[in-house]
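**Student:** Here it is, the structure in full.
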Amino acid sequence: MSALDLPLLASLGDREIERFRRDGFVVFERVLSEERVAALRERFPKLFAGTFDTGVYPDEWYWREGMSLPDVTRHMANAWKADLSIARLALSADIGRAASLLTGWSGTRLGQDTIWWKAPRTKPIALHQDSSFMDFLDPPATVTCWVTLDDTHRDVGTLEYVPGSHLWPLTALPEQFHGQDDYRAQMRVAAAAAGQQAPDPVYIEVPAGSVVFHAGEAWHGSGPNVTGDRMRRSIGIHMVPEHACFSDRPGGYIYRRYQLTGDSRLDDSFFPVLWSRDGRRTGWIDGYCQTGRRLAPPEPSNG
Ligand SMILES: O=C(O)CCC(=O)C(=O)O
């Protein structure tokens, strides 16, 4: 199976672009079918048990059965390198196209995916700005597509956004990310610094299979899952501009591993181009989604 086509995202037009630029996020409900949602959910226990389609580890793997605290949100980064169902979603051209239209970028590369599994009675994720993590890139920009795999409500700790906060100044990396009881504290400090009364966050309460795009500067995070029996599973797809390159500033604890010596470019092998206005898309994506092997596409013949 090749990367997912998500035709409902083709409806994206001026109204959605205007909303994204005004609020810092925009919601599209029921973009993935029930079958696709079920297929992705099924991967979660396998991934966290270390069963990987490709035999390759994800770049970050927090939480292991029997070893980790039971009440933290489970989280994994760059599972597309390990699991082909995740790869089919994270490498979707339709997600890359939507991100380009919303941001105005000429094209998008996959920066990283993040798997979020908030089991019953698990702790919050502190509100933060994704772009605070991007200083090692020029431009230090990112946009996220957050995909829900369960119906989301505030009591399961759905994602929440502070509308308009993408226009506040960018803050430093959050000191704490997992498990902070006052998970909105850092946002309130940033609001005060921006001369704002911290507005009430908006809870994303949508059916499974919905997606939300948010600007890298938008303050977001999620509260605890206070239910005793409901899961909240989601996947964040973090994208960067097609022409972004590594900066001379330090940092980039995942991305920087993939910088070639003396070369500031983001290499397609690690940061594939999902979509670009001039029709470019990294050639190995569809083959990889079928076989788990990244093979260079054949050279065009001259004869
Ligand atoms: O799913 C969550 O709780 C956090 C998601 C998030 O921070 C993101 O995708 O950028």
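**Student:** Just one of (1) without any contact (Cβ under 8 Å) to a residue 60 or more places away in the chain; (2) closer than 15 Å to residue 73 by Cα trips up residue 151, so point out which.
**Tutor:** Going through (1) without any contact (Cβ under 8 Å) to a residue 60 or more places away in the chain; (2) closer than 15 Å to residue 73 by Cα one by one, residue 151 breaks only (2).
**Student:** Also: For segment 24-79, give me each residue that is more than 30 Å from residue 167 (Cα to Cα) and among the polar types (S, T, N, Q).
**Tutor:** Result: 33, 51, 54, 68.
**Student:** In contact (Cβ under 8 Å) with a residue 40 or more places away in the chain, small (Gly, Ala, Ser), closer than 28 Å to residue 83 by Cα and within 13 Å of the ligand (Cβ to nearest atom): is that true of residue 141 in this structure?
**Tutor:** For residue 141, the condition - in contact (Cβ under 8 Å) with a residue 40 or more places away in the chain, small (Gly, Ala, Ser), closer than 28 Å to residue 83 by Cα and within 13 Å of the ligand (Cβ to nearest atom) - is not met.
**Student:** Okay, moving on. Can you tell me which residue among 32, 12, 101 is surrounded by 21 or more Cβ atoms within 10 Å (Cβ to Cβ) and in contact (Cβ under 8 Å) with a residue 60 or more places away in the chain?
**Tutor:** 32
**Student:** Additional query: Just one of the numbered conditions (1) over 26 Å from residue 224 (Cβ atoms); (2) within 18 Å of the chain's Cα centre (by Cα); (3) among the aliphatic types (A, V, I, L, M); (4) modelled with pLDDT of 95 or more is not true of residue 6; which one?
**Tutor:** All conditions pass for residue 6, except number (4).
**Student:** Looking at segment 276-298 only, could you name the residues that are touching a residue at least 24 places away in the same chain (Cβ under 8 Å), outside any loop (DSSP other than H, G, I, E, B) and among the small types (Gly, Ala, Ser)?
**Tutor:** Hit for segment 276-298 is 276, nothing else.
**Student:** Filter segment 174-220 for residues that are over 27 Å from residue 98 (Cα atoms) and among the hydrophobic types (A, V, I, L, M, F, W, C) and give the result.
**Tutor:** Selection gives 177, 185, 187, 189, 190, 191, 192, 193, 194, 198.
The values are calculated or read from the model by the stated rules, or taken from the named source; none is laboratory data. These numbers come from a predicted model, not from an experiment. A quick note on method: Cβ atoms are made from the backbone with ideal geometry, for glycine too, and the neighbour counts reach across all protein chains shown.
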